[in-house]
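Peer 1: The structure under discussion is supplied below as structure tokens; questions concerning it will follow.
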Amino acid sequence: FGFNGGSALGANGLAASALLNTQAAGCTGLLGWLLVEKRRDGHATTLGAASGAVAGLVAITPSCGSVDLLGALVIGLAAGVVCSYAVSWKFRFGFDDSLDVVGVHFVAGVIGTVLIGLFATATMTGGPAGLLHGGGLAQSGKQLVAVVVVGAYAFATTYGIGRAIDRVMGFRAPEEHELTGLDLAVHAETAYDHGVLGHGTTAHAVVLTHSSDKASTT
């Protein structure tokens, strides 16, 4: 809300519309994800609800100051539905994406940016309009170019930074530390006690082993 509403640089009608659009898209993003889960898996999950809300919020961020409420509702719903499928792409294409940044943030960002070309209204933008509001295909073309250019720049810059970090200090933790848990490997403690409900984890077992060893030594 602070980011989207604050982009209006004032407490005005545009800021209020951006806030309303943000709320609406987050809600329909949540609903879209849950509908897919229910149809595909037979049940809806709280993780799916949270992920759908994030997808809707990501998608509306580039478009909140350009579309009306109906456009925001559709953009959020589209992001929730498409991203719920997109998160499975990492298994098909081998993405190393534990936080689903590609499936949620990338895909939803593209959806929200491209759909400005369909749903932008002159009332919100002060001039340019999308295809569904009599603006023709011109704005859609501009949005597609923006996605390609910004995506290429972001990829090249991030890749360069990642390569530099890898050469200087290493980019990835050892596999053993990933399996054990970085909390334990780096800080010698765990943030969550996963064994309290009777479902112990590898990291929890390691902590118990270390504790037992210390007790035996003492």
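The values are calculated or read from the model by the stated rules, or taken from the named source; none is laboratory data. Note that this is a predicted model, so its numbers are computed, not measured. Heads up, the Cβs are rebuilt from the backbone with ideal geometry, glycines too, and the neighbour counts pull from every protein chain shown.
Peer 1: Can you name the number of the only condition in (1) under 14 Å from the mean Cα position of the chain (by Cα); (2) in a helix (DSSP H, G or I) that D97 fails?
Peer 2: (2)
Peer 1: Follow-up. Say whether the condition of being part of a helix (DSSP H, G or I), in the same structural domain as G71 (by TED's automatic domain parsing), touching a residue at least 24 places away in the same chain (Cβ under 8 Å) and in contact with a His (Cβ under 8 Å, 6 or more places away or on another chain) is met by at least one residue in segment 100-122.
Peer 2: Among the residues of segment 100-122, at least one is part of a helix (DSSP H, G or I), in the same structural domain as G71 (by TED's automatic domain parsing), touching a residue at least 24 places away in the same chain (Cβ under 8 Å) and in contact with a His (Cβ under 8 Å, 6 or more places away or on another chain), which makes the answer yes.
Peer 1: Does segment 154-172 contain any residue that is within 21 Å of V58 (Cα to Cα), at pLDDT 85 or above, part of a helix (DSSP H, G or I) and touching a helix residue (DSSP H, G or I) at 6+ places or on another chain (Cβ under 6 Å)?
Peer 2: No, there is no match, as no residue in segment 154-172 is within 21 Å of V58 (Cα to Cα), at pLDDT 85 or above, part of a helix (DSSP H, G or I) and touching a helix residue (DSSP H, G or I) at 6+ places or on another chain (Cβ under 6 Å).
Peer 1: Across segment 78-97, what is the total count of residues that are farther than 21 Å from D41 by Cα and either small (G, A, S) or not assigned by TED's automatic domain parsing to the domain that holds L35 (or both)?
Peer 2: Of the residues in segment 78-97, 1 are farther than 21 Å from D41 by Cα and either small (G, A, S) or not assigned by TED's automatic domain parsing to the domain that holds L35 (or both).
Peer 1: Could I ask something else about it? Out of A185, A215, report the one residue that is among the small types (G, A, S), farther than 30 Å from G117 by Cα and modelled with pLDDT under 85.
Peer 2: Answer to the check: A215.
Peer 1: For segment 123-153, give me each residue that is touching a Leu at 6+ places or on another chain (Cβ under 8 Å), surrounded by fewer than 18 Cβ atoms within 10 Å (Cβ to Cβ) and not in a helix (DSSP H, G or I).
Peer 2: L137
Peer 1: Related question: Test A191 against the stated conditions and say whether it is outside any helix (DSSP H, G or I) and surrounded by fewer than 12 Cβ atoms within 10 Å (Cβ to Cβ).
Peer 2: Yes: the conditions hold for A191.
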